[in-house]
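Single-structure report; data block below.
Since every read-out is calculated from the coordinates, none of them should be taken as a lab result. All figures in this text were calculated on a predicted structure; none of them were measured in a lab. Neighbour counts run over all protein chains shown; Cβ positions are idealised from the backbone, glycine included.
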C-alpha cells in the first residue's frame, strides 16, 4: 500500500502517476478527458478510480465524500492543465478567459480538497504567457487558498531521461513555513534552453558537484535489448533475448517478462531514400539537395537543426512528440531504416516495459509524447515526499 495519497487531474496515459508511484504515492482518483488515454491509465493503475470526461465532472461531485477524506487529508493533487486560451502574442491573458476553465477547474478542485501539496506541470512557455500575468495569477489564486508557491524549469536529462525535454514545475504547500523542495540534478548533462526565464529558473549544475554526478543518459541504453523490426511491422509481443547491459536497461525491464508495443509507423519511399544518406547524429543537411523536401531546399544550413535526424546511440534524443515524424525532429533509428517504435519512444520517455499502452499505433504514439517522463516525475515525487515527511516530523 502506498504511503501517500494522490489525485491526478488531466492524467493522460499516466506518466506522472507512474513516476509518483515509484516515489511512494498511490493514485486514489484520476481524471482524463480522452477515453483511450483513460483506458491506458486504468490498465496501468487498476487501483485508482478513473473519471472519464471533462474535468468539470470532478467539480460537480462531492469529492471528499466520494473519497472518504477530510479537508486537507489528501497528500498531493497533481496535474498539467492545458492552457489553450493563452496567447504569447496577446498583450494580456488571464485565467478569466473562458477557454481557460481547465486551470480554473483545477484550482476549484484544489479548493475543495485543500491537499497538503499541489503539483502543476506545464510547458516552459507558460512563464512568458500574458507577459507573466498567467503565473502571477496562479500564485494569487493559490495564496487565497492559503498556499505558498514556487516554480522552476526542470530538464528531464538531469534525472536520467535520455531526452532533451524541459518542463515548468510549480509546487505549492499549505504547511506554514514549509520549505518547498525541487529535485537536484543527478546526471552530468548540460543543455541550452532558449526560452524566457531559462536562466533564472533552470536548475544549474554546481561546478564543485559535477564530479559526483552520473554520466549522461544515452539513447543507446534505451534502445538496447529490443529486436530488429521493419517499419509498419506489428508482430505483437517479443521475448527478451539478452540480459540487460546497463543500469538503465535494468530499470526498463524491471517487473516485465516480455516486450509489447514494439511497432513503428511506416514511411513513404521518398523518406526511405532520404534516410539512406543520414549517418547517426546526422540530419537533413546530409540528404542530397535534389531529394530534400521543398521547404528544406530553401532553408539555411543553421535552421531546423533536428529535422530528418538520425539518432546517435551516445547522445540524447530530441523531445519525444506525439508523432515520430522525421519532419518534426530526430526520430530515425540509429542503425535501422525506420522511425522509432512506440516502445522505443516510451523507453526514451523512461516508461518501463511493463507499462502497457492501448489503442491504435497513432494513439499510442500520442500517449507517449504527451506524457510526463516517469523518471522525472519520480524525482519530483521524492522531493514532495521529503516535504511531507518534514511536516510529519515537525
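Extension gain, residue 69-residue 306: 0.36 nm per intervening residue step, less the Cα-Cα distance, totals 80.5 nm.
Where does segment 328-377 land on Rg(C-alpha)/(2.2 N^0.38 Å)?
Expressed relative to 2.2 N^0.38 Å, the Cα Rg reads 1.13.
Extension gain for the segment residue 327 to residue 234, taken as residue separation times 0.36 nm less the Cα-Cα distance, is 31.2 nm to one decimal. At q = 0.10, 0.18, 0.22, 0.23 Å⁻¹ the log10 of I(q)/I(0) for segment 1-88 amounts to -0.24, -0.76, -1.09, -1.18, computed by Debye summation with a single uniform scatterer per C-alpha, solvent ignored. Modelled label positions at residue 389 and residue 356, each set 7 Å beyond Cα in the direction of Cβ, lie 3.3 nm from each other. The modelled label-to-label distance between residue 54 and residue 273, using points 7 Å beyond Cα along the C-beta direction, is 5.0 nm. Highest mobility in the GNM of the chain, judged by mean-square fluctuation with C-alpha springs under 10 Å and restricted to 12, 236, 146, is found for 236. Going by the alpha-carbon gyration tensor, a ≥ b ≥ c the square roots of its eigenvalues, is segment 247-394 rounded (a/c under 1.5) or, if a/c is not under 1.5, prolate (a/b greater than b/c) versus oblate? Prolate, since a/c reaches 1.5 and a/b exceeds b/c.
In the chain, helices alone account for a calculated mean residue ellipticity at 222 nm of -8000 deg cm²/dmol, with every DSSP H run of four or more residues adding -39,500 (n - 2.57). Dividing the alpha-carbon radius of gyration of segment 240-318 by the rule-of-thumb value 2.2 N^0.38 Å gives 1.47. Placing pseudo-labels 7 Å out from each Cα toward the beta carbon at residue 241 and residue 335 gives an inter-label distance of 1.2 nm.
Subtracting the Cα-Cα distance of residue 257 and residue 145 from 0.36 nm times their residue separation leaves 35.7 nm of extension gain. A quarter of the convex hull surface defined by the alpha-carbon atoms of the chain gives 20.5 nm² as the mean projection.
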